[in-house]
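A quick write-up on the structure given underneath.
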Amino acid sequence: MTTTTTRPATTRPAPSPSRTWARRLRGPHNEGVLLGVIVLLLAVILVVEPGTLTWTFAGDILRSGIVTLALSLGLLLIIISGGMDVSFTAIAIFSGYSTVKLMNELGIDGAVWPFLLASVIGCALGSLNAVLVARYRMETLVASLGTQVIIRGVLLAFVGSTYLASLPSQLDAVGSATIFHLGGSAVNVLVLPVIALCVALAFVLKRTSFGRSVYAVGGDKESARRVGLRVSLVQTRIYLFAGLLAGFAGMVHVVLSRHASPFEIVGMELNVIAAVVIGGALDTGGRGSVQGTVLGVLLISLVQNSLVRLGISSYWHMLIVGVVILVGVAIQARSSARGQHRARILEEG
Amino acid sequence: GSTGGGDDTASPAADGERRIVNVVKLAGGDWFNRMAVGNDEYAAEHEVTVSQTAGDDSSEEKQIAVLNDLIPQRPAALTVVPNSPESLEAVLGRAQDAGIVVITHEAPGIQNAEANIEAFVNADYGAHQMDLLAECMDGEGSYAHFVGSLTVASHNVWADGALAQAEAEYPGVTRVADAISSEEDQEVAYQRTKELLATYPDIRGFIGAASTDVAGIGRAIEEAGREADTCVVGTSTPAIVGNQLESGSVDVITGWDPALAGQAMLAAAEVVLDGGELTEGTDLGVPGYESLRQDPEVPNSFFGDAWIDITNDNQADYPF
Amino acid sequence: MNEQPLALRARGVRKSYGGVHALKGVDVEVRAGEVLCLAGANGSGKSTLIKIIAGVETPDGGEIEIGGESVGRLSVTDAVDRGVQVIFQDMSLFPNLTVAENIAMSARISRGRKIVSHREAREVAGAVVERLGLHLDLDAEVGELPISDRQLVAICRALALDVKVLFMDEPTTALTWREVDTLFAVVNQLKAQGVAIVFVSHKTEEVFGISDRITVLRNGEVVADDVSSAFDHDSLVEALLGYRATEDRVLSTLPEHPAPALQVEELSSTDLFADVSFEIGKGEIVGLAGLLGSGRAEVAEAVFGRLPITGGTVRVDGQAVDVRGVKDALAAGIAYVPEDRLTQGVFLEQSIGTNLVAASLDDVTRTGGLLDGKRIEERVSSAIDELSIKIGSADDPVSTLSGGNQQRVVLGKWLATKPQVLILNGPTVGVDAGSKAAIMQILRRQAEAGMGVLLISDDVPELVSVCHRVLFIRRGRMHGEVAGDDVTVTSVRERLET
Amino acid sequence: MAAPLTSIRARLAGSNTHTLGLVALALAVAVLFSALNPAVYTSSLNIESITLSIPEIGLMALAISIAMTTSGIDLSIVSVANLSALTAAYVSVQGMEAGMSTPVLTLLAVVLALVVGMVCGAINAVVVAVVGVAPILATLATQMIFAGAAIAFTRGEPIYGLTPELTEVGSTTIASVPLIFWLFLVVVALVAVVMTRTGYGVRATMLGASATAADYTGIARRKVLFQTYMLAGTISAVAGLVMVMRTVSASAGYGSSYLLLAVTIAVLGGANPFGGRVAIWGTALAALILQMISSGINMQGLSSYVYQIAQGLILAGVWIVRMEGTRASTWINGKRNGQRDKPTPLTDLPYEEGQNDGSSRAAAGSGHVH
Ligand SMILES: Nc1ncnc2c1ncn2[C@@H]1O[C@H](COP(=O)(O)OP(=O)(O)OP(=O)(O)O)[C@@H](O)[C@H]1O
Ligand SMILES: Nc1ncnc2c1ncn2[C@@H]1O[C@H](COP(=O)(O)OP(=O)(O)OP(=O)(O)O)[C@@H](O)[C@H]1O
Ligand SMILES: [Mg+2]
Ligand SMILES: [Mg+2]
């Protein structure tokens, strides 16, 4: 095919090499900045209390971050699509608790299928959000406020409100199955499926049509519709998928803590949201990555796990965690504001 | 009759029968379900209808709302286990103004109640836990104290009582840090214990105040394989830590029977409703509350002698 | 040409939004290899028709045939599968995705792949960009691109797939005339390949330059349909308006020696423009011309306090003004009608009345701090009368108005602040010829009342029709001026090109 | 010609049908529960109970509603209220110990509590308006900071006690309605005037409707945000005063369950999380409705979890009814005008081109840095 002209359509100078370098270092969602903050924090700990940084410490952080991480994955999906969710904690505990309760009542046991069952329950509960958001176009935060109280209410009123002190034995065995030790800290086998889910979600987001649709919907819903994406279908899938992930996370929580209490997890939602957002997912949608979320969870776990080790009185813990979260979201806000440039117009000289 | 789970607050009383509502910290949960069992037993034996209710989470504001909503229904008496005694004063005052008798539990120093019935003197209870811990630790070593939250008064009194006892009686026993909050969450207790074990490798004792604290502590100790050289003492129930008592990761739990505490409140309410008076030595007819002690400084404050120590050996005796 | 088969045929298409009848039974036909221009004033229903044929909107009635086949309910993917592609008026891009991904998006969706490959996306996009002879950074995020590049991305996206019917809804509003040339070359190429093209533009020159046939819509109905040669400029404008309008040079009367309203001296803003100096007298209408991306909008935004000034001075009425923000500019008496009416100019979902007083709230506040309802009412009704804004009720949201009326609301908002200097950036973009003439008339009237006006526009005849002088800017520096009788369409074009 | 003042009301009126719906809902709830148990539900004691419970949560919802008008949110309301309550209680207790005259002390306690609220609001404002953090995240963090400060300051212990005057205000009733409820109504009325009849209120609404257009209209974004978060902080402080007057005590942990409830009430009242809508009286109405339901459910002896479920169902239900109502009326109009060959299947309705998309479009289009 013969082309018409060869003149440049736009006379914008190419971005300077230093800027592209800085941009790459920063990462598409400011992951680089976050990594910097984490390194800085580690350096501070190293100076203040060098004995703290041990393999055991790493193992403990892994252990404490794993549930938050599992919970954050579904939320990430929702935040990328431009939504907000506070119901995932209720979905998680509903799925985990009712699975164990069911196993107890029927007297059946298992190690793997309970996780699948909990995921299915989570998916079913996610469909409530899906209906409200995709069918009725309800504002996502509002929809999830409603479903959170409904799901928790149904759980406590109709499923059960008692503490289940022990899990069926095969399931409990998962909770004590160690794959290896990091220092003095046992690394539970459930780390593997959670890591696998992270990898899988990263793949889904980057390399699948569905994943790219999530970004597209988060970027501009009307544009998505106009290129032929069925926005409500994408949203339905997102909320089902997020429900499934929350259900799985609930089971991870229950198994790792080796008991089931219907009063747990709910109340954690703001912490998880903070982790995801510090990880670079803007609340306006269209942005976010699994890598960033992992770093966000890491940062928050790091802070929460080092306070006692640094000998800081517990009266100060909440204040310090709050300050760290504030610094994290502020850095994100500043660097994404800096990301918007006006193209240079003026000729040199 | 009565049921747990707060399902029938206003079940209409049989004509002329006295109606008492038991307002607890949180709807559901083993502890208060056990209290409801006690209520049931009491109701079966006396001419009284008892029901239990609570907010949907253990916050004082929800409890206030529940009480507020109950006042217009004018039950004869309210037996209340406050989430925060101070916050409830005003609404309990309203209840009293409406002619309702108010009896509380776990609310030392409360003013707007005809009586507050404690299973024991809180500071003594803390000291008793310290005695148990020190005995287990042979009077040597450092320990940490968990409370459900830094804003739960009784937990903090226990912690102070234990510390005072250690300072007075066990010079070898020291506390490693301020009381640590578990946020009433077993998982948090577990995490903090792991951090404590890492930070203070020679720590030897743990006391937990919230009923799930020792469960979390015990789990961390089990994972670290430190059952043998650590001592875990705390307030809990066999339903929660039975397994760990068995495995030795938790050594002794202490507490009181919520069923009996519930009954003691009902009995006290009936004494007042019948025009009687609670005094030093009153017998409520409930085990452990046969001879109430009255606080000389706070006349509406009464103590039973109802704490129990539960080890693996006797846990079968306490089905809650 | 007429031998070619019908590529698209719509019959009796109807659509209403609430009470607004956007289309009242429209018949349109295009043949393969034909360029049809869909002409019509603002709100005449052009975009609605396109959205319906693209499967974005559902019609209330009517029949659509694509490639000789009647289609029932049409979804976007159905339309794409049948070879329909659209360059939407608002571009409909994804600001958070890269250029490559934006361009390859419809291709990806239509292929229905489950797994995507970034390499493939870059290849697809690269091929289109190269075919069109464009230079676009495929890895840049669209949200960071200037508006003209976004327009190019939207064009590329529509051409990434095999296309049989191409709709172009005002694709040139953000382009310089050079880029328009490139686009037209592409259109001619596609035409030669037998693609049917439906082109929408408000610029009559473009319409005559490219189209074989013209279908004119007015108020949701087809009022004329003929080969282009059957129309001339005046008859086309008359068809779309239903009455005659002209674009002759009519200047407002200028005082002998006008006192300066705005003096800009050696103004600079890092990376954007430098040493910009000019003066506007009271009663004078001055044009500022330059290609898109020449810095003309940036100068205006800097004077209005939206961009940082790094050197030089601004004087209003002889007084130096330290413009650090919009508030300072407003206080000095500078008003600015921005480029993008929908996002910058109006509060779409707020009422017309509120929009009209939004910039002058302090004037309608009583000493106690409460708003003065009576004064507001007077202001609003006088603005509505003065600017002849056509509305149902002042309580209706601005979004219910047509483009021209929305722009009058923006003007009204600023005139209420009684500015000394009024700067307008593309005030008639996407405004029909009738409203355009009315807006120019408003400018002349305001100038005669002593206001200094700076008019930035791409529309050369428009500049010629009202400006006493025209200034030129190029790559961030002033580039001469023409004044008085030297202001002609030819002279301005020449200046722009060199 | 209608004036913009009325049009500001008309915007309310855009949600006016909404407000009317809320009134109808309130009546329905009142009738339902009165019928179920007239003796208790309509007793003056019950009215007193209901009106006693509303003010603190209603005020917090009001603070959120205002933040939502500017398309923000304030998650720090409960922490701020607690800090203010603690301040009032602390000043009272310390002052009475020092033997200060109680009227002076009362004034001091109230003023300091309000100042604390304003300072917290100003901190939120700095983070939102100057640093540029999205409000939901900014206040998520400051909420922890304020609560953390309260815990660090009190070591978690409640402060018990208040000047006699404040205690009196908290326990006085007029016509079987508590004084604090009348106070609440006054605050609501004042805020409604501020939001609909002052320059600030209109600017805040405009800013919420479109931040970009507000910038180009010379509405000082930072200033308006500052005023907004200071106002929200002050209202939270009033809520804190109401709390402390009601309970005669304050603690760092009080009211943790109020946060999501307050958001729910604000939304139910008609606030739009995307901004541009003023819903002050609607918020007050929504607080009333939820409290009436809570009281009725308790009266029926149902578990508090049933109330939770009801709360969620109402939130979702109000929305669904509104949506289905719109669908139905479009459909009926279409029929009446003979404009429709066949009814549009519900699932195929185009994606709403509302403010929602408008604002995302606006955000995408604004690449300007200042
Ligand atoms: N989503 C909508 N909701 C309500 N009314 C609408 C909607 N879309 C279009 N309209 C109305 O339908 C009519 C036709 O609009 P349309 O966008 O098709 O006009 P147009 O000819 O493309 O105008 P322009 O030249 O300004 O682009 C207008 O009155 C417009 O206000
Ligand atoms: N551009 C604006 N944006 C937002 N609010 C404004 C603006 N202009 C005025 N106001 C509000 O109107 C009130 C009265 O306006 P006035 O012009 O007297 O104050 P101001 O000089 O803008 O205030 P400041 O002293 O902070 O600059 C101000 O206190 C402010 O609340
Ligand atoms: Mg041991
Ligand atoms: Mg159009």
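Rule-based calculations on the coordinates, nothing more; no lab input. Bear in mind that the values here come from a model prediction, so they are computed numbers and not experimental data. Here the Cβ positions follow ideal geometry from the backbone for every residue, glycine too, while neighbour counts run over all protein chains shown.
If the cut-off is 26 Å between C-alpha atoms, which lysines fall inside it for B:Lys25, apart from same-chain ones fewer than 8 positions away?
Excluding near neighbours in sequence, the set is A:Lys101, B:Lys62.
As a test of the definition: which semi-axes, in Å, follow for region C:58-97 when you take the square root of five times each eigenvalue of its alpha carbon gyration tensor? Largest first, please.
24, 12, 9
Within 15 Å, Cβ to Cβ, of D:Leu86, how many net charges do the neighbouring residues add up to if Lys/Arg are +1 and Asp/Glu are -1? Could the numbers behind the result be given before it?
Working: positive: D:Arg155, D:Arg246; negative: B:Glu60, B:Glu86, D:Glu56, D:Glu157.
After counting each charged neighbour, the total is -2.
Run the Debye formula on the Cα coordinates of region C:139-256, all scatterers equal and no solvent, and tell me log10 I(q)/I(0) at q = 0.11, 0.15, 0.16 1/Å.
-0.49, -0.81, -0.89
If you average the alpha carbon positions of region B:141-219 and of region D:65-113, how far apart do those two centres end up, in angstrom?
33 Å
Would chain B count as rounded, prolate or oblate if I go by the C-alpha gyration tensor, calling it rounded below 1.5 in a/c and otherwise prolate when a/b exceeds b/c, oblate otherwise? Spell out each step's value before the answer.
Working: a/c = 2.03, a/b = 1.87, b/c = 1.09.
Cα axes put chain B in the prolate bin.
Please work out the C-alpha center-to-center distance from region B:235-261 to region D:242-311 and express it in whole Å.
38 Å
Summing +1 for each Lys or Arg and -1 for each Asp or Glu, what net charge is found among the other residues whose Cβ lies under 14 Å from the Cβ of A:Ala202?
Here the count lands on +2.
Counting alpha carbon pairs within less than 8 Å and at least 6 residues apart, what relative contact order, in whole percent, applies to chain B?
Working: 724 pairs, mean separation 52.0, N = 320.
Reported as a whole number, the value is 16 percent.
Only bridges whose two residues both fall in the protein assembly as shown count here: according to DSSP, what percent of them are antiparallel, nearest 5?
45 percent
Work through the residues other than A:Thr236 whose Cβ is under 10 Å from its Cβ and net out their charges, Lys, Arg +1 and Asp, Glu -1.
+3
How large is the translational diffusion coefficient of region C:10-134 in µm² per second when you combine the Kirkwood radius over alpha carbon pairs with Stokes-Einstein at 37 °C and 0.692 mPa s?
Working: Rh = 16.5 Å.
Translational D for this selection: 199 µm²/s.
Using the alpha-carbon centroid of each, what span in Å lies between region C:244-321 and region B:17-61?
Computed from Cα coordinates, the inter-centre distance equals 79 Å.
Once amide H atoms are placed 1.01 Å from N in the peptide plane, what residues at a sequence separation of 5 or more from A:Val86, or on another chain, have their amide H within under 5 Å of its amide H?
A:Ser144, A:Leu145
Below 8 Å between Cα atoms, with a sequence gap of 6+, how large is the relative contact order for chain A in percent?
It comes to 32 percent, rounded to a whole number.
Would you please report the Å³ per residue occupied by the convex hull of the alpha carbon atoms in region C:6-241?
122 Å³
I'm a student and want to see the number: the projected area of the Cα convex hull of the protein assembly as shown, averaged over all directions, in nm².
Numbers: hull surface 230.2 nm².
The orientation-averaged projected area of the Cα hull of the protein assembly as shown comes to 57.6 nm².
Compute the acute angle (0 to 90°) between the alpha-carbon long axis of helix B:153-169 and the principal axis of greatest extent of the alpha-carbon atoms of chain B; round to the nearest 10°.
Once rounded, one gets 40 degrees.
With a cut-off of 8 Å between alpha carbons and a minimum separation of six or more residues, what is the relative contact order of chain C in percent?
RCO, chain C: 15 percent.
Given R₀ = 51 Å, what would the calculated FRET efficiency be for D:Arg155 paired with C:Asp90, taking r from the Cβ atoms and rounding to 0.05?
0.30
Using a Förster radius of 30 Å, what is the FRET efficiency between D:Trp182 and D:Glu324 based on their Cβ-Cβ separation? Nearest 0.05, please. It would help to have the intermediate numbers written out before the result.
On the way: r = 38 Å, r/R0 = 1.27.
Efficiency, from the Cβ-Cβ distance: 0.20.
Go through C:Lys46/C:Lys413; C:Lys15/C:Lys390; C:Lys15/C:Lys191 and tell me which ones have a Cα-Cα distance over 24 Å in this structure.
Values: C:Lys46/C:Lys413 28 Å; C:Lys15/C:Lys390 22 Å; C:Lys15/C:Lys191 30 Å.
As for pairs spanning more than 24 Å Cα to Cα, those are C:Lys46/C:Lys413; C:Lys15/C:Lys191.
Roughly what would the spin-label model give for B:Asp305 and D:Glu168, points 7 Å off Cα along C-beta, in nm?
The modelled label-to-label distance comes out at 4.8 nm.
I'd like the orientation of helix A:113-130 relative to chain A: the angle between its Cα long axis and the longest Cα principal axis, in ° from 0 to 90, rounded to 10.
Orientation of helix A:113-130: about 50 degrees from the principal axis.
Non-local amide H neighbours of C:Phe199 (under 5 Å, H modeled in plane, Pro and chain starts lacking H): which ones?
Amide H neighbours of C:Phe199: C:Leu36, C:Cys37, C:Leu38, C:Met168.
Let me have the 222 nm mean residue ellipticity of chain C computed from DSSP H runs of 4+ only, each contributing -39500 (n - 2.57), with the sum over all residues rounded to the nearest 500.
For chain C, the value works out to -10000 deg cm²/dmol.
Evaluate the distance, in nm, between pseudo-label points positioned 7 Å from the Cα of C:Leu251 and of C:Ser491 along their respective Cα→Cβ axes.
Distance between the two pseudo-spin positions: 0.9 nm.
Any chance you could give the angle, 0 to 90 degrees and rounded to 10, that helix C:373-386 forms with the longest Cα principal axis of chain C?
Taking the Cα atoms of chain C, the angle to C:373-386 is about 70 degrees.
What does the C-alpha gyration tensor say about the overall shape of region A:55-264? Classify as rounded when a/c is under 1.5, otherwise prolate if a/b is larger than b/c, or oblate.
Details: a/c = 2.36, a/b = 1.44, b/c = 1.64.
Oblate, because a/c is 1.5 or more while a/b does not exceed b/c.
Where a ≥ b ≥ c are the square roots of the eigenvalues of the C-alpha gyration tensor, would you call region D:13-124 rounded, which needs a/c under 1.5, or, failing that, prolate if a/b is larger than b/c, or oblate?
Here region D:13-124 falls in the oblate category.
Just grab the label-to-label distance for B:Asp317 and C:Arg119, each label 7 Å out from Cα along the Cβ direction, in nm (one decimal).
If labels sit at B:Asp317 and C:Arg119, their model points lie 7.6 nm apart.
I need the calculated FRET efficiency for the pair C:Thr270 and B:Glu290, taking r as the beta carbon distance and R₀ as 56 Å, to the nearest 0.05.
0.05
Kindly put C:Asp485, B:Asp30, C:Asp27 in sequence by how many other C-beta atoms sit within 10 Å of each C-beta, fewest to most.
Placing the least packed residue first, the sequence is C:Asp485, C:Asp27, B:Asp30.
Taking amide H positions as placed 1.01 Å from N in the peptide plane, with prolines and chain starts having none, which residues 5 or more places from A:Arg287, or on another chain, fall under 5 Å of its amide H?
A:Leu282
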